[in-house]
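Everything on this sheet refers to the single structure shown next.
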Amino acid sequence: MILGRSLNGPAGRHIAGALASRGRSRMPHGINAPSDQLAAGIIHELTGTYGLRVPQDIAANAVIDRVQ
């Protein structure tokens, strides 16, 4: 588990870098992010910078809890 300090795109890109530093053999099969912006930042960085494919290499899911 990698914890971030924010739920935005830049935080997602930072988390993606931490994931990528593990190497492909230690990459998780999937990612659950608590916001769509965080998930988008992770996906953008993993696909654009590190060349991973979604969902072939890693699955991503944004879990959004809407409080009314």
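The values are calculated or read from the model by the stated rules, or taken from the named source; none is laboratory data. Remember, it's a predicted structure, so these values are computed and weren't measured experimentally. Every residue, glycine as well, gets a Cβ built from its backbone with ideal geometry; the counts of neighbours run over all protein chains shown.
Just so you know, in segment 1-32 the residues that are part of a loop (DSSP other than H, G, I, E, B) and surrounded by 12 or more Cβ atoms within 10 Å (Cβ to Cβ) include one that is modelled with the highest pLDDT, and it is 8. So which residues in segment 13-38 are touching a strand residue (DSSP E or B) at 6+ places or on another chain (Cβ under 9 Å), more than 15 Å from residue 1 (Cβ to Cβ) and of a type outside the set (S, T, N, Q), if there are any at all? Scanning segment 13-38 gives a single hit, 36. Of all residues in segment 33-68 being surrounded by 12 or more Cβ atoms within 10 Å (Cβ to Cβ) and of a type in the set (D, E, K, R), which is modelled with the highest pLDDT? In this case the residue turns out to be 45.
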